[in-house]
Structure formats: C-alpha cells, structure tokens
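Undergrad: Supplied in structure tokens, the structure appears directly below.
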Amino acid sequence: MRGNFTNTGKLVKFILRRERIISTVWILIIVLFSMVLAPGINTMFPDIETRNNFAATLENPIMIAMMGPVYGVGDYTAGAMYSGMMLLWIMMTAGIMNIFLVVRHTRADEEKGRAEVVRSLPTGRLANLNAAIISAVIINAVMAVLLGLGLAATGVESMDLGGSMLYGVLTGLAGLVFAAVAALFSQLSSYKGGATGLSFLTLGVFYMVRAAGDAQMPINNALSCISPLGLAQRSEVYVQNYIYPVFILIAIIAVIIIIAFKLNSIRDIDQGFIPAKPGRKEAKKSLLSSFGLSVRLLKTSIIVWFIVMFALGASYGSILGEIDEFVGDSPEYLTVIGIPEEIVEKMTDADKKEIISKYFGVFITSMMTLVGLIPVIIAAMKPRNEEKDNRAEHILARGISRTKYLFGYVLIAYISSIIMQCATAVGLYLSASSVAGEAGIPESFMLGSLLKSYLSYLPAMWVILGFTILVIGLLPKASGMIWGYYGFVCFMSFIGGFPDLLPAWVAKISPMSYIAKVPLDDINFTNLALLTGLAAVLTALGFFHYRKRDLVYH
Amino acid sequence: MGNFMLETKDLTKRFGKFTALDKVNLQVKEGEVFGFIGPNGAGKTTTIRCLLGILQATEGSASVFGLDAWKDAVEIHKRIAYVPGDVNLWANLTGGEVIDLFVSLRQKSDKEKREKLIKKFELDPSKKCRTYSKGNRQKVALVAAFASDADLYILDEPTSGLDPLMEQVFQECVGEKKKEGKSIFLSSHILLEVEKLCDRVGIIREGSVAQTGTLDELRFLTRINMNIETREAITGLEAVSGVSGIEKTVKGIAFQVENEQIPEVVTFISKFGVTRLESKPPALEELFMKHYSNENVSTTSATGGE
C-alpha cells in the first residue's frame with residue numbers, strides 16, 4: 001500500500017522533542033555512571049596479580065551465572081574485568097530505557113487516544129511505529145557513541161578506543177533489541193501495562209537463559225547465545241573484541257521489527273492480538289470493604305517485592321561460601337563493607353573468613369533494609385496517589401471515615417515492612433545453607449541470628465514510614481519529597497564506611513544510624529524503643545492532620 | 001435547620017487568595033429535584049465537595065439532613081449516593097467489581113436491582129475499567145448510585161459523557177427516585193436536562209449563587225431562540241409581551257421568546273407570511289451572557305467579560 005510511512009520524519013521530530021529531557025537523563029546516567037566506575041577498578045585492583053586473583057574467585061558457576069563468563073584470565077586487564085562485570089548490567093539498563101521509550105510512543109499513545117489524533121492527520125498507517133523505531137535508533141546511536149567515546153576518554157590503559165566503541169555499540173544494540181521487543185508486544189497486547197510487563201518478562205528470560213547456559217560445566221555457549229545478552233558478551237570486549245555478535249544482533253533486531261510492522265499493518269487501532277480476557281462480573285467478598293480494596297490495589301506490588309527481596313537475599317547467600325575470596329584483600333573493599341582498619345591489620349588467615357562474613361552480613365543487612373523500604377513507602381504513599389487521581393473520594397463519600405481509610409493503607413505498609421525483612425533473611429539463610437551445608441555456615445548466618453538482625457531494623461523503617469504518613473497528612477502537595485528523604489538515608493548508609501566525610505550530626509538525621517550492628521554489637525533495645533515511639537508519634541500526627549485537611553486533587 | 005435536606009449558609013471557600021465560593025446560599029427540600037446550574041468553573045463541584053465534607057468551608061456553613069457537612073460527614077454519607085463529575089476508576093478492577101464495592105460500602109447489595117440497572121445502561125461489567133470510555137465510567141458510578149437506597153442523591157454533571165439514549169435512561173432513573181420520594185441534587189450545565197427533571201433551580205456564577213427559584217420564577221431560563229423569515233417585513237414585534245433581543249439577520253430577524261408566549265408570538269408573526277421558521281433552546285452560556293451582561297458591565301468590571 002502506498003503512503004504507509006507518510007510524514008514519518010515529522011513524527012520523529014515530534015517524538016525526539018517529547019524525549020528531550022527524559023532520554024537525555026537516561027543517556028547521561030548510563031554514560032556518566034559507566035565512566036565513573038572505569039577508573040575505580042584500577043584503584044581497587046592496581047596490579048595484574050590482584051586482578052588475576054580476583055578473576056579466580058569469579059570463576060565459579062554461581063558468579064558466572066550471575067555475571068557471565070570470565071574472559072582474559074591469566075592476563076586479566078582492567079578492561080577485561082570492566083567489561084566482564086559491567087557490560088551485562090549496562091545492556092539491561094539500556095533495555096529498560098528502551099522498553100519504556102517504545103511503549104510510551106506506541107501502545108501508551110494509542111491507549112490515551114493520542115495515536116488516533118495523529119492517525120487522523122495526513123500520516124501513514126505505519127508512520128507512528130516507524131517514527132518510534134527510528135527515534136529509538138537515533139537515541140541508542142547517540143548513547144552508543146557517547147558511551148564509547150566516554151570510556152575511551154577515561155584513559156584506563158587497557159580500554160582503547162576500538163574496544164570502547166564496541167562496548168558502546170553492543171549496549172546500543174542490546175537497547176534496540178528491547179526496543180524491538182517492546183514494539184512487538186505493543187502490537188500483541190492491547191494495553192500499556194501488558195506491553196511493558198511482557199517486555200520486562202522477556203528481559204528476565206534473556207537473562208535467565210544465558211545464566212542457565214553459563215552455569216554449566218563446561219559453559220554451554222550455544223544455549224547462552226540464544227539470549228541476545230549472552231551473545232553480546234561473546235564479543236569479549238577489551239580482550240578479543242570480536243565483531244560477529246554485532247551483525248547477528250542487527251539481524252535479530254531487523255527480524256523482530258519486521259514482524260512488528262507486519263502485525264501493525266493487519267490490526268485495527270486500539271486492538272491487540274492477545275485477547276483482553278473478561279474479568280469478574282461480580283466482586284469477591286474480600287474486595288467489598290475499604291481495607292479489601294487497599295489490599296487488592298497493593299497485592300501485586302507486595303508479592304513482586306517479596307520475590308525480589310527473597311531472590312536478592314538468596315543471591316547474597318550463595319556467595320557466602322567464598323565470601324573471603326570474593327571480597328579479597330583489597331583494603332578499600334574491606335573499608336566499604338565497614339571493617340575498621342585496626343581489625344583489618346590484625347586479621348589472621350584463620351579468623352579472616354569469620355570476620356569478613358560477619359561484617360559482610362551487617363553491611364548487606366543495612367543495604368537490603370533500604371531496598372525493602374521501597375515497597376513500604378509505595379504502600380504508604382498509595383492513599384495520597386489515590387487522592388490525587390480522584391479515586392479516594394469514591395470511598396470517602398461512602399460512609400468511610402478518613403481514619404479508617406488511611407488506617408488500611410498504613411496497616412499494610414507496617415505489615416509489609418515485616419514481610420520484606422523476613423523474606424530477605426529467609427532467602428539468605430536458605431541459599432547460604434544449601435551452598436555451604438548446614439554445618440558450613442557461620443553462626444551469624446543461622447536463621448535465628450539473621451532474623452534478629454533484620455527485624456532489629458524495623459523501628460528505623462517505621463520512623464521513615466511515620467514521616468511518610470506525617471507528610472501525607474500535613475503537606476500533601478509536597479509528599480513526593482519523602483523519596484528525597486529516602487535518598488538521603490540511602491546516601492548516609494552508603495558512606496557509612498567513611499565516617500569522616502561528613503559532620504557527625506548529619507548522619508544522626510538518618511534513623512538507620514541508631515540501629516546497633518547485630519551480630520557485631522548487641523541489640524540496643526533502648527534505641528529500638530525510642531525509634532518505635534517516634535514512629536508512633538509521627539504516624540499519629542499524620543492521622544491527626546489527615547483528618548482535618550481538605551482533599552487535595554493535584 | 002427545619003426540614004431541609006441540604007442547606008448552605010453563606011458558604012465561602014478560599015484556596016489561598018483565590019475565592020472559589022463566595023457566600024453561597026442554597027436550600028433543598030425533601031422530595032425535591034434541585035438543579036444546580038452554572039457554566040464550567042463557576043464553583044459547582046467545589047460546592048458539592050463542601051457538602052460532602054471533602055473540603056472544609058472557610059466561612060459559613062454547609063449541612064445535610066440537618067447535620068454538619070464537615071463534622072458529621074460519615075453519618076451523612078450513610079444516607080447519600082454521590083456521582084462525581086470526573087469519574088476515575090481503578091485500571092485493574094472490572095466495572096462489576098467497582099459497582100459491588102461501591103454499593104457494599106454503604107449497605108447489603110440488592111442483586112436484582114444491580115442487574116436491572118446494568119442492563120438498562122447497557123454496561124459490560126466484566127471489562128476492566130482501563131478499557132472504559134468516559135461515558136462507561138460514568139455509567140459505573142450511576143449504576144452504583146441508583147442501586148443504592150439513599151435519601152439524597154448528589155449528582156455532579158452525570159450525563160456529560162453519555163449519549164442521548166443513555167441520557168434518556170438516566171432521566172428515567174431520576175424520575176423513579178423522585179417517585180419514591182427521594183431528594184436529588186443535580187448539577188448540570190445542560191438546560192434541557194434541568195428543565196425536564198428539576199422542580200427548582202439554583203444558578204451559580206463565579207462562585208456565588210445568582211438566583212434560585214422554580215423554572216416559572218426564572219422565566220429567562222426557558223426562553224427559546226427563534227429565527228424567522230417572512231415575505232413582508234415584520235413590524236411591532238417588540239410590543240408583544242415575552243419577546244426580547246430582536247436582531248436583524250441576513251434575510252429575516254432573530255429574537256428570543258418566553259415559552260408560554262409562543263402561541264401569541266406565532267399568531268402575530270403568521271400575519272407577515274412566514275417562509276421559514278427555526279426555533280431552538282439557547283445554550284446556558286448564551287442565556288447567561290444575555291441575562292447578566294448588563295449588571296456585569298455596571299457592577300463588576302474586574303470579573304466581567306468572561
């Protein structure tokens with residue numbers, strides 16, 4: 001048919017204009033983050049000997065399953081180490097950027113009725129999809145070039161221009177693979193959430209497929225290469241710099257895009273190929289209350305985060321057996337996980353493993369608590385988002401008091417804080433004990449002591465939760481700033497290993513600083529009681545103000 | 001408080017420096033259908049939100065069933081049904097689930113009534129709310145409201161997304177509730193709807209109530225626009241009572257006439273040999289502009305012109 005692509009050019013310009021901020025931010029984050037980390041490897045592992053030692057610790061099935069094959073062993077350059085540890089994650093990050101990008105300009109536009117407006121103008125039937133894909137190509141090309149030049153510009157010895165450009169191009173192509181996948185699912189699914197979800201599922205499957213191939217002994221390259229991510233890693237960037245994966249990736253992208261175009265050309269606007277299955281005609285009993293609705297709205301988020309916390313816990317537990325080798329002898333690394341210098345100096349080979357696993361355990365407890373806070377804050381923020389989107393009034397105008405309405409969400413948030421901490425602790429214990437055997441795991445990784453240290457963080461979580469509720473009650477329009485406070489708490493925890501960086505009182509603003517480092521120290525019950533009391537006061541104040549304010553619709 | 005279902009006394013609401021409502025006075029009697037009309041942005045929704053205790057009055061008072069709208073909100077809500085003007089629903093829930101939820105928050109649901117209403121409004125309750133159009137989301141809220149056994153129905157522009165056929169269904173539902181002796185507070189900017197359904201009308205403009213009364217008392221609301229062409233030039237029409245706003249058009253004249261004067265006017269103009277006659281109800285904005293333009297110019301130069 002003639003004119004299928006009419007006016008694509010103008011639409012591309014329009015999309016790039018809509019993208020000028022968000023895609024720029026994505027690209028800057030990806031490029032700058034990559035550039036900052038490159039010299040870091042040289043600092044941490046300054047000579048070939050330490051790098052080779054580290055490579056040896058990476059060469060076990062669990063680490064390879066997580067990060068991919070280790071190339072260049074024997075002459076393990078900083079570049080080899082960098083691409084081995086970073087390329088996979090940066091490709092997946094680019095994938096996430098592209099999934100959002102393409103769904104935003106295809107299915108989401110269609111769902112919101114914007115695509116219809118565009119289609120009614122003199123534009124070709126396939127122009128919208130075409131423009132979205134061309135825009136993705138342009139955005140990924142810019143990212144690839146900047147990333148390549150940026151890495152070469154870091155001046156790390158083994159990271160030359162050729163290898164860096166290959167690194168950039170592979171990242172861009174991986175991004176485009178997921179742009180194509182998202183374009184395909186935007187045809188198949190009839191709504192934005194479905195297209196995004198299926199694309200993310202594909203991302204996960206691609207990661208798992210290459211993990212399954214890589215974890216075998218010897219590595220099953222054929223299986224790993226079914227995944228574009230595994231394929232891209234076969235370029236052995238900064239080691240061999242093979243080009244062939246580039247061409248195969250381009251072919252894969254082309255095929256998926258052609259299928260997407262074909263599907264787009266034979267379907268009607270607003271329709272998808274996966275039929276929207278009808279839902280319940282009547283509500284289950286469990287939905288029929290204000291609290292039932294809150295549970296229903298937050299259920300998926302809590303289940304997904306439960307799995308994430310469990311999986312993260314399990315993945316940390318799996319490296320416990322080789323923890324001393326994993327952390328290595330690098331004093332910087334030992335400081336990062338919080339081991340004081342005087343202990344590092346006195347550490348003997350005999351007690352090294354025990355000391356490191358203890359400190360490592362404490363370090364990841366605070367890190368995992370921060371991750372576990374995310375679903376808790378999401379749950380606590382839900383009533384505010386419902387209010388903003390005009391949905392809270394449905395409930396509040398039907399004989400449900402403000403207190404009762406808010407209480408449902410707050411209760412869920414408190415309970416999910418306990419769920420998340422338990423999920424991590426149990427995940428840690430199960431994988432640590434299955435890798436090392438019940439007898440092999442150190443005392444500090446027994447279930448009882450894990451639960452003790454994870455649950456001892458609850459009062460700190462509750463203070464942040466209390467702040468969230470107070471802000472919702474008192475400053476609804478500014479409630480987004482709770483994420484800023486959360487970011488501050490994260491930052492303070494990250495730099496906890498470097499206590500001299502900031503004045504002591506700044507660290508005290510974070511409730512995490514009052515939690516004793518179990519099992520290194522004993523639980524400080526006085527502090528826990530004080531934090532819990534503070535959380536209760538903040539929560540009560542939040543309710544008090546929420547009850548006596550207007551609903552705010554923006 | 002007497003036996004008013006709903007009453008506001010000098011109800012004033014300010015958002016910062018902006019005055020959204022300025023001394024609004026309204027009364028709705030039991031068993032009455034009250035039309036609350038005004039152009040977009042006049043303060044209809046803000047008034048309703050004050051009546052529901054979602055917003056707190058800055059000054060003055062709002063009461064429903066003789067109870068304070070803010071302090072006794074929960075008590076009041078147990079006896080009212082509300083349809084918001086902008087119905088936002090949960091993307092993952094089906095229409096049927098939302099209806100059940102809404103009804104059950106107040107009372108045990110009456111399955112038969114629910115099925116009847118779903119059929120009447122031609123709603124597919126098995127679809128997820130994300131797939132519903134504005135009209136369909138409104139139907140969900142309307143079904144939930146009419147399936148509830150309330151004493152007072154507060155409806156905020158409930159038909160703005162419905163097609164004419166569904167407007168008809170809506171009017172039937174309002175009629176039924178009225179027959180049962182329920183009170184209805186209906187905000188709208190569609191005159192025809194108000195004319196068909198309402199016993200009394202309150203007009204809100206720029207945050208204050210300009211007039212209240214029966215449609216007979218607010219006769220200007222029921223004027224009809226007429227556009228006629230005649231063989232002979234019409235003379236003496238301005239002397240006929242109920243006629244106003246005479247204007248010359250390209251081939252004839254246009255004017256407004258009050259509903260009950262139509263027989264006299266038609267008799268009068270037929271003498272001139274009518275070749276073309278067009279009549280239609282004017283839009284609310286048009287009526288308001290004509291009716292209030294004089295006082296606007298003279299009294300409020302700051303807010304006038306809109």
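Undergrad: What does the extension gain come out to for A:Ile303 and A:Arg547, with contour length at 0.36 nm per residue minus their alpha carbon separation?
TA: Details: separation 244, 0.36 × 244 = 87.84 nm, distance 3.03 nm.
Going from the current span to full extension adds 84.8 nm.
Undergrad: Normalised radius of gyration for the stretch A:1-68, please: alpha carbon Rg relative to 2.2 N^0.38 Å, two decimal places.
TA: 2.02
Undergrad: On to the next question. How far apart, in nanometres, would the label points at A:Lys404 and A:Ile259 be if each is projected 7 angstrom from Cα along the Cα-to-Cβ direction?
TA: Going from the A:Lys404 label point to the A:Ile259 one covers 5.1 nm.
Undergrad: With 10 angstrom as the radius, rank A:Glu341, B:Glu115, B:Glu97 by how many other C-beta atoms surround their C-beta, starting from the fewest.
TA: Least to most surrounded, the residues fall as A:Glu341, B:Glu115, B:Glu97.
Undergrad: Moving to a separate point now. Longer than 27 Å from Cα to Cα, which of B:Lys44/B:Lys182; B:Lys29/B:Lys119; B:Lys13/B:Lys128; A:Lys548/B:Lys108 are they? Say none if no pair is.
TA: Check vs 27 Å cut-off fails for B:Lys29/B:Lys119; B:Lys13/B:Lys128; A:Lys548/B:Lys108.
Undergrad: Let me make sure I get this right: for the stretch A:494-554, a, b and c are the square roots of the gyration tensor eigenvalues over alpha carbons, sorted descending. Under 1.5 in a/c it's rounded, otherwise prolate if a/b > b/c, else oblate. Which is it?
TA: oblate
Undergrad: Nearest 500 deg cm²/dmol is fine: what mean residue ellipticity at 222 nm does chain A get from its DSSP H runs of n ≥ 4 alone, each adding -39,500 (n - 2.57), divided by its residue count? Mind dumping the intermediate values first?
TA: On the way: 25 runs with 399 residues, N = 554.
Calculated mean residue ellipticity at 222 nm is -24000 deg cm²/dmol.
Undergrad: May I pose another question? What FRET efficiency comes out for the pair A:Ala504/A:His554, r = Cβ-Cβ distance, R0 = 51 Å, nearest 0.05?
TA: For A:Ala504 and A:His554, the calculated efficiency is 0.80.
Undergrad: Once the cut-off is 43 Å, how many percent of the Cα-Cα pairs in the protein assembly as shown end up in the long-distance tail?
TA: Across the protein assembly as shown, Cα pairs with separations above 43 Å total 48 percent.
Undergrad: Could you name the lysines in cross-link range of A:Lys358, using Cα to Cα under 21 Å and dropping any fewer than eight places away on the same chain?
TA: Partners within reach: A:Lys346, A:Lys452, A:Lys517.
Undergrad: Could you pull out the pairs from B:Lys120/B:Lys196; A:Lys284/B:Lys178; B:Lys71/B:Lys134; A:Lys13/A:Lys477 whose alpha carbons sit more than 23 Å apart here? Before the final figure, lay out the partial values.
TA: Numbers: B:Lys120/B:Lys196 20 Å; A:Lys284/B:Lys178 32 Å; B:Lys71/B:Lys134 33 Å; A:Lys13/A:Lys477 34 Å.
Checking Cα-Cα distances, A:Lys284/B:Lys178; B:Lys71/B:Lys134; A:Lys13/A:Lys477 exceed 23 Å.
Undergrad: Who wins for biggest fluctuation among B:Thr235, B:Thr45, B:Thr212 in a Gaussian network model of chain B, springs between alpha carbons below 10 Å?
TA: Among B:Thr235, B:Thr45, B:Thr212, the largest mean-square fluctuation in the Gaussian network model of chain B belongs to B:Thr235.
Undergrad: Tell me the mean residue ellipticity at 222 nm calculated for chain B from its helices only (DSSP H runs of n ≥ 4, each -39500 (n - 2.57), averaged over every residue, nearest 500).
TA: On the way: 9 runs with 94 residues, N = 306.
One gets -9000 deg cm²/dmol as the mean residue ellipticity at 222 nm.
Undergrad: In Å, the Kirkwood hydrodynamic radius of the stretch B:209-270 over pairs of distinct alpha carbons?
TA: Working: mean 1/r = 0.0793 Å⁻¹.
Roughly 12.6 Å, rounded to one decimal.
Undergrad: Additional query: Can you tell me how much longer the chain between B:Glu172 and B:Leu67 gets when fully stretched, taken as 0.36 nm per residue apart minus their C-alpha distance, in nm with one decimal? Each step should come with its number before you reach the end.
TA: On the way: separation 105, 0.36 × 105 = 37.80 nm, distance 2.99 nm.
In short, 34.8 nm is gained.
Undergrad: Separate question: What whole-number value in cubic angstrom gives the convex hull volume per residue for the C-alpha atoms of the stretch B:95-243?
TA: Spelled out: Cα convex hull of the stretch B:95-243, divided by residues, is 176 Å³.
Undergrad: Something else: Tell me, A:Arg20, A:Arg402, B:Arg49, B:Arg130 in order of fewest to most beta-carbon neighbours within 10 Å?
TA: Least crowded to most crowded, the residues run A:Arg20, B:Arg130, A:Arg402, B:Arg49.
Undergrad: Where in the stretch A:90-109 is the amide nitrogen less than 15 Å from a point lying 7 Å along the Cα-to-Cβ axis of A:Ile138?
TA: A:102, A:105
Undergrad: Moving on to the next point. Which whole number in µm²/s is D for the stretch A:92-142 by Stokes-Einstein, with the Kirkwood Rh taken over Cα pairs at 37 °C and 0.692 mPa s?
TA: Working: Rh = 11.5 Å.
Translational D for this selection: 285 µm²/s.
Undergrad: What's the FRET efficiency of B:Glu122 with B:Glu278 using the Cβ-Cβ distance as r and R₀ = 41 Å, to the nearest 0.05?
TA: Details: r = 33 Å, r/R0 = 0.82.
About 0.75, to the nearest 0.05.
Undergrad: If you find the alpha carbon centre of the stretch B:201-260 and of the stretch A:7-82, how far apart are they in angstrom?
TA: What the calculation gives is 76 Å, centre to centre.
Undergrad: Further question: Report, to the nearest 10°, how far helix B:284-299 tilts away from the longest principal axis of the Cα atoms in chain B, using its own Cα long axis and a range of 0 to 90°.
TA: Here the helix axis deviates by roughly 80 degrees.
Undergrad: Just for the protein assembly as shown, what percent of DSSP beta bridges are antiparallel, to the closest 5?
TA: 70 percent
Undergrad: If we count other beta carbons within 10 Å of each Cβ, what is the order of A:Ile356, A:Ile307, fewest first?
TA: A:Ile307, A:Ile356
Undergrad: Measure nothing fancy, just the Cα-based angle from helix B:111-120's long axis to the longest principal axis of chain B, in degrees from 0 to 90, nearest 10.
TA: Rounded to the nearest ten degrees, it is 30.
Computed from the coordinates by the stated procedures, all read-outs in this text should not be read as laboratory data. Please read all numbers here as calculations on a predicted model, not as lab measurements. Neighbour counts run over all protein chains shown; Cβ positions are idealised from the backbone, glycine included.
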